[in-house]
Amino acid sequence: MNTLTPPRTGKVYLIGAGPGDPELLTLKAVRVLGLCDVLLVDDLADTAVLAHARPDARIVRVGKRGGCRSTPQAFIERLMLRYARSGHVVGRVKGGDPFVFGRGGEEMLTLRKAGIACEVVSGLSAGIAVPATLGVPVTHRGSACGVTFVTGHAREDGVPGQEPDWAALARCGTTLVIYMGMRTLPRIADALQAGGLPAGTPACAIQNGTRGDQRSVVATLATLPQAVADAQLGSPAIVVIGEVVNLADIAEQAEALSMRA
Ligand code: SAH
């Protein structure tokens, strides 16, 4: 053995797998998935993306749903470091885009601190692609001059003061796209109305967007929480609030899904 050969250094790719429809994966994600020795896969990433993995790749599910207790973030990061330090090419596969509510920033910082190469493969975020399935553009000339992506829940570790300023958002005049907002939807709707957003503002919620089991309701800011409860919509879902929701076309969604079936 040549003891002078330096150890192969590993690398971590933070890969965005898009919102669910496997056709919404980027060409780069497909190529990089095929390079990885190990894939650490979040459960929001559709299983179909793994068709692009090498047959001999080790697949580790680190999902937070599916009846399992969440895999603590620190454990996932330790795993990532361990594989990379032992020379593996690691793919950290996340739903949507790794840098949009995906904890990709934290993982990149951990890798940077450890001196491990890290590359981000951007993915299509649910906040853009999921409303589009109903024909809802998140910006639209004349009805929304911008869009605000916001989380509906404070930090998982419960640090106070991390809750979005709903009163300020009520006045900001952009489309609001809320991730992780289903549990707190009634409170969010109240806070936005208290902040001055009219009760009749069009609003919708879309669960499992771009997947075969997509479901949605279109209502108003005031009626959305009840409509969501009546339809028994749950996570993962995107909530969109703003005039652009007037363009929603449920028939369009049904047609698109039947074409995929
Ligand atoms: N990084 C992801 C977001 C992760 S946070 C992205 O860029 O899309 C998880 C939240 O994303 C979910 O609670 C839900 O609000 C939203 N989400 C992700 N995929 C979704 C989908 N297919 N349909 C609806 N909402 C989705």
Can you list residue pairs whose Cβ atoms sit under 6 Å apart, with the first residue in region 115-139 being more than 9 Å from the ligand (Cβ to nearest atom) and the second being open to solvent by 10 Å² or more (accessible area, probe 1.4 Å) and in a strand (DSSP E or B)? Count only pairs 6 or more apart in sequence or on different chains.
117/11; 119/13; 121/13; 138/147; 139/147
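One line per residue, one yes/no per condition, for (1) open to solvent by 30 Å² or more (accessible area, probe 1.4 Å); (2) assigned by TED's automatic domain parsing to the domain that holds residue 153; (3) more than 18 Å from the chain's Cα centre (by Cα):
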position: 189; (1), (2), (3): no, yes, yes
position: 194; (1), (2), (3): yes, yes, yes
position: 203; (1), (2), (3): no, yes, yes
position: 207; (1), (2), (3): no, yes, no
position: 212; (1), (2), (3): yes, yes, no
position: 221; (1), (2), (3): no, yes, yes
position: 226; (1), (2), (3): yes, yes, yes
position: 236; (1), (2), (3): yes, yes, no
Does residue 61 count as within 13 Å of the ligand (Cβ to nearest atom), open to solvent by 30 Å² or more (accessible area, probe 1.4 Å) and closer than 28 Å to residue 214 by Cα?
no
Restricting to region 79-106, and then to whatever is away from the ligand (no atom under 12 Å from the Cβ), touching a residue at least 40 places away in the same chain (Cβ under 8 Å) and assigned to a helix (DSSP H, G or I), can you tell me which residue is most open to solvent (accessible area, probe 1.4 Å)?
85
Please enumerate the residues belonging to region 124-136 that are in a loop (DSSP other than H, G, I, E, B) and open to solvent by less than 40 Å² (accessible area, probe 1.4 Å).
125, 133, 134, 135, 136
Only one residue in 243, 255 is open to solvent by 10 Å² or more (accessible area, probe 1.4 Å), modelled with pLDDT under 95 and not assigned by TED's automatic domain parsing to the domain that holds residue 96. Which one?
255
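Mind checking which strands (runs of 3 or more DSSP E) fall wholly inside region 140-252 and carry at least 1 residues that are farther than 25 Å from residue 124 by Cα? It would help to see each step written out before you state the result.
Details: elements: 147-151, 175-179, 202-207, 215-220, 237-241.
By residue number, 215-220.
The values are calculated or read from the model by the stated rules, or taken from the named source; none is laboratory data. This one's a predicted model, so the numbers in the text were calculated from it and none came from an experiment. Here the Cβ is made from the backbone with ideal geometry for all residues, glycine too, and neighbour counts use every protein chain on show. Side chains included, ligands, DNA and RNA excluded: accessible areas come from the protein's heavy atoms. Shrake-Rupley method; radii C 1.70, N 1.55, O 1.52, S 1.80 Å.
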